[in-house]
Each structure stands twice: as structure tokens, then as C-alpha cells.
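Here the structure is laid out as C-alpha cells; the discussion comes afterwards.
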């Protein structure tokens with residue numbers, strides 16, 4: 001299945017312009033008179049889920065840079081694929097190089113980044129696909145925005161937990177080193193705060209557990225949620 005992110009972005013941006021959604025810290029105030037997913041005439045999400053023999057969800061992995069979000073997502077996606085589950089993974093490298101390449105890392109830029117990703121995820125959700133998102137999404141406010149757009153029943157928050165000292169030691173992309181040298185302003189964990197989730201749906205601690213253990217732990221949690229047998 002081939003999805004052209006650029007075309008999706010154009011459609012979303014056109015829709016935003018029509019609704020006069022501002023790129024600001026008040027972005028969560030977007031008001032909609034109705035839910036377009038409930039009123040459209042197309043094949044329903046439930047029908048698509050039945051075709052795919054799965055139940056769609058958006059898995060939102062949050063944690064510091066270097067905590068292991070994308071590493072775990074790669075392994076989890078492979079395991080789900082082996083079980084016949086159709087997924088789509090989005091991370092910052094993909095999104096920032098495609099639909100959000102026009103955004104900076106200011107508070108407004110980060111809010112708009114998550115705003116677009118959440119709407120994109122909702123589109124894939126309505127197609128019956130299990131979406132795995134890997135984004136720092138550092139504040140309660142930002143994650144609440146994502147949950148609101150996606151819908152609380154379809155949003156699964158995963159806290160990939162690792163202390164700053166360990167993430168900085170790993171530093172797979174050299175970002176912490178650049179941040180310490182003042183080459184990256186407002187870097188989360190260094191000069192910009194990270195607010196851990198208060199009540200994530202599941203926590204994966206990469207300090208104390210290995211990849212295989214964490215993947216199996218997550219699969220044990222998610223499979224009963226997304227398998228077709230649970231559909232009613």
C-alpha cells in the first residue's frame with residue numbers, strides 16, 4: 001500500500017486554510033461543528049477493519065531523544081507484520097523531512113508538528129491501520145492535543161522511559177553534544193523541559209530491560225486490543 005505523504009499534506013493544509021486554523025499556542029481551540037468521519041459516505045472504518053482482520057489504534061510513543069522510541073517501534077512493527085497486522089510508523093525523521101519540513105522547533109512549530117501528525121494519524125486510523133508514532137512530544141499540553149484530535153478511545157500512550165543521563169550517553173545522532181555546545185537551542189532535556197506522562201497506558205523502561213523483553217511486554221499488551229477477535 002503506497003501512501004503519498006506530500007499529497008496528504010496538501011489536502012490537510014487546504015482544509016486548515018479553509019477553517020482558518022492559526023499556527024499558535026492556542027491551536028487546541030479548533031472547533032468543529034460535526035465529526036466528518038461519522039458523516040462521510042465512504043466505506044466505513046469498521047468495514048475496513050473487518051477486511052484487514054484487525055482493530056485500528058494510534059500508538060503514541062513519547063520519551064526523550066535517545067530513549068529508544070524508534071528502535072522499539074522498528075522491532076514492534078516487524079513482530080506485528082509477522083502476525084498479519086498492517087501498520088504505519090511515523091517518526092520525526094520522516095515527518096520533518098516531508099510534510100513538516102517547513103516547521104521550526106519553537107513552541108509554535110512543535111505544536112503544529114504534533115497537530116499535523118495527529119490529523120495524519122487519524123486519516124490512517126480511519127483506514128483501519130495501526131499507527132505507531134515516535135515523537136518526543138515533551139509536554140502534557142502537546143500530548144493532550146494529540147489525544148483530542150485522534151480520540152481518547154483510539155489513542156494509546158506509551159512512555160519510553162530512560163533517564164537523561166543514559167539518553168545523553170547513547171546520543172545516537174550526536175544531538176545532545178550539539179545541544180551542550182549551544183548548537184541546538186531549546187533542546188528537550190537540556191534547556192527545554194520534558195514532562196513525563198502521569199498515567200501512560202504502558203511504560204517501557206529501556207534502562208532496566210532489553211529490547212526483546214520490552215517488545216514482548218508491549219505485544220502482550222497490544223495484541224488483545226488490536227486483534228479482530230475483539231471486534232463487536
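Sorting 129-138, 201-210 by their mean Cβ neighbour count within 10 Å, with the most densely packed peptide first, gives 129-138, 201-210. For region 157-201, the Kirkwood estimate of the hydrodynamic radius, built from every pair of different alpha carbons, is 11.6 Å. Using the average count of surrounding beta-carbon atoms within 10 Å as a protection proxy, the listed peptides 149-157, 42-50 rank, highest first, as 149-157, 42-50. Once you reduce region 150-192 and region 53-120 to the center of their Cα atoms, the two points are 14 Å from each other.
Using every pair of separate Cα atoms, the Kirkwood estimate puts the hydrodynamic radius of region 165-232 at 15.0 angstrom.
Protection proxy ranking for 101-114, 58-71, using the average of other Cβ atoms within 10 Å per residue and placing the highest first: 58-71, 101-114. Compared with the alpha-carbon gap, the fully stretched path from residue 98 to residue 178 is longer by 26.4 nm at 0.36 nm per residue. Beta bridges from DSSP with both residues in region 43-227: antiparallel share about 5 percent, rounded to the nearest 5.
No value in this document is a laboratory result; all are computed from the given coordinates. Computed from a prediction, not measured in an experiment: that's the story for all the values here. Don't worry about glycine lacking a Cβ; one is built from the backbone with ideal geometry, like all the others, and counts go over all protein chains shown.
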